[in-house]
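Asks: Starting off with a structure, shown below.
The values are calculated or read from the model by the stated rules, or taken from the named source; none is laboratory data. The shown structure was predicted, so the numbers you read here are calculated from the model rather than taken from an experiment. Heads up, the Cβs are rebuilt from the backbone with ideal geometry, glycines too, and the neighbour counts pull from every protein chain shown. What goes into the accessible areas is simple: the full protein's heavy atoms, side chains included, and nothing from ligands, DNA or RNA. Shrake-Rupley method; radii C 1.70, N 1.55, O 1.52, S 1.80 Å.
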Amino acid sequence: MGALRPWARYGLLAVAHLLALGLGATVLQALEGPPALRLQANLRAELTTFQTEFGACLPPGALEELLGTALVAQAHGVSTLGNGSEARNWDLPSALLFTASLLTTTGYGHMAPLSAGGKAFCVAYAALGLPASLALVAALRHCLVPLLSRPGAWVATRWQLTPPRAALLQAAALGLLVVGVFVLLPALVLWGVQGDCSLLEAIYFCFSSLSTIGLGDLLPGHGRGLHPVLYHLCQFALLGYLLLGLLAMLLTVETFSELPQVRAMVKFFGSSGPVNAEDEGAILGQDELALSTMPPSAAAPAQAPTC
C-alpha cells in the first residue's frame with residue numbers, strides 16, 4: 001500500500017469514512033427504529049383515550065394547539081411541568097451553564113435564546129469566546145504536558161523502555177486515569193444522585209459531555225423535584241465538570257496523537273514530499289524524548305582517558 005498515489009490514499013480514506021457513516025446509520029436505524037415506533041403508538045393511544053373521555057369538554061383542535069405550544073416552549077427550554085427549581089431558566093447558574101456549553105461546543109440544547117438580541121449576542125459571543133477558549137486550553141496544555149510526562153520518563157528510565165514503548169505506556173496510563181476520574185467516577189455519582197437513570201445512561205451522559213456531543217436528553221437534576229439550592233449546586237458542579245473534563249480529554253487526545261503508530265498512520269495518508277519544519281520539529285522532539293528516557297550512563301558516553 002505504500003506505492004499508492006496520494007489521491008488514491010485520500011480516496012481510500014474517504015470511502016472508509018463513508019462506509020463508517022453508513023454502518024453507524026444502519027445500526028442506529030435497527031436499534032432505535034422499533035422503540036420510536038412503539039413510543040409513537042403509545043402517544044397516539046394516550047391521545048385517543050384522552051379525546052374519548054374528555055373530547056366533549058374541549059373545542060375541536062384545542063388539545064392539538066395546546067400540545068403544539070407546549071412543544072415549541074419545550075424546544076427552547078421552557079416547561080410548565082417542572083418544579084420550582086426549574087421554573088426560571090435564565091437565572092445566573094442556568095445562564096453560566098449555557099455559556100459554558102456554548103464555549104465548549106457541547107450545546108446540550110436544553111436552553112436556547114428566544115429573542116433576536118439573544119441570538120445575535122450568542123453569535124458574537126461564540127465568535128470571540130471560542131478562540132479565547134482555545135488559547136486558554138493551549139496555554140494550559142503547554143504547562144501541563146511537561147508535568148504529565150515526568151512520571152512516564154521516570155518509568156521509562158527505571159524499566160529501560162524504548163521511546164515508542166514509553167510513549168505508549170504514558171498514553172495508556174493517562175487514558176485510564178481520565179476514564180476513571182472523569183467518566184466512571186462522575187457516572188457513579190450521577191447514578192446515585194439522579195436516581196431515575198441507569199448506570200449506562202450516566203456513563204452515556206459523561207461521555208457525550210466530554211466528547212462535546214451534548215445530546216441533552218439527560219441533565220443532572222432535571223425532573224427530580226430538587227430543592228432550588230441543590231438544583232443550582234448541580235448546575236455549578238456540571239459547569240466545573242465541563243471545564244476540567246474537556247481539558248483532560250484534550251490532553252489525552254493530544255497524547256495519543258503524538259504516538260509513533262498514530263503519526264505513521266497520518267504520514268501514510270499525508271503527502272510524500274520533502275520533510276518540512278514541522279516534521280523536523282517532531283523528529284527533534286522524539287530525539288529529546290529518547291535522550292530524556294535514557295539512563296545517565298547511556299546518555300553520556302564515557303570519555304577515553306587522556307595520556
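Asks: Output the number of the condition that Phe236 fails; it satisfies all remaining conditions of (1) closer than 16 Å to Thr99 by Cα; (2) in contact with a Ser or Thr (Cβ under 9 Å, 6 or more places away or on another chain); (3) at pLDDT 80 or above.
Replies: (2) is the only condition that Phe236 fails.
Asks: I need every pair where a residue in the stretch 182-198 that is under 22 Å from Thr252 (Cα atoms) has its Cβ under 9 Å from the Cβ of a residue that is among the charged types (D, E, K, R) and assigned to a helix (DSSP H, G or I), sequence separation at least 6 or different chains.
Replies: From the stretch 182-198, the pairs are Ala187/Glu201.
Asks: Can you pull out every residue in the stretch 95-145 that is open to solvent by 50 Å² or more (accessible area, probe 1.4 Å), of a type in the set (Ser, Thr, Tyr) and either in a helix (DSSP H, G or I) or touching a His at 6+ places or on another chain (Cβ under 8 Å) (or both)?
Replies: Matches in the stretch 95-145: Tyr125 only.
Asks: Yes or no: Ala25 surrounded by 10 or more Cβ atoms within 10 Å (Cβ to Cβ), assigned to a helix (DSSP H, G or I) and either modelled with pLDDT under 80 or among the basic types (Lys, Arg) (or both)? Walk me through how you get there before you give the answer.
Replies: On the way: surrounded by 10 or more Cβ atoms within 10 Å (Cβ to Cβ): yes; assigned to a helix (DSSP H, G or I): yes; either modelled with pLDDT under 80 or among the basic types (Lys, Arg) (or both): no.
Answer is no for this residue.
Asks: All but one of (1) at pLDDT below 85; (2) open to solvent by less than 80 Å² (accessible area, probe 1.4 Å); (3) under 26 Å from Gly107 (Cα atoms); (4) not hydroxyl-bearing (Ser, Thr, Tyr) hold for Pro35; state the number of the condition that does not hold.
Replies: Going through the list (1) at pLDDT below 85; (2) open to solvent by less than 80 Å² (accessible area, probe 1.4 Å); (3) under 26 Å from Gly107 (Cα atoms); (4) not hydroxyl-bearing (Ser, Thr, Tyr), Pro35 breaks only (1).
Asks: For a quick check of your reading of the model, give me the residue pairs whose first member lies in the stretch 38-53 and is closer than 15 Å to Leu66 by Cβ, whose second is of a type outside the set (A, V, I, L, M) and assigned to a helix (DSSP H, G or I), with beta-carbon atoms closer than 9 Å and at least 6 apart or on different chains.
Replies: Partner pairs satisfying both residue conditions: Leu47/Glu64.
Asks: So in the stretch 94-133, with the set limited to residues that are within 15 Å of the chain's Cα centre (by Cα) and of a type in the set (A, V, I, L, M), which one is nearest to Tyr231 (Cα to Cα)?
Replies: Ala100
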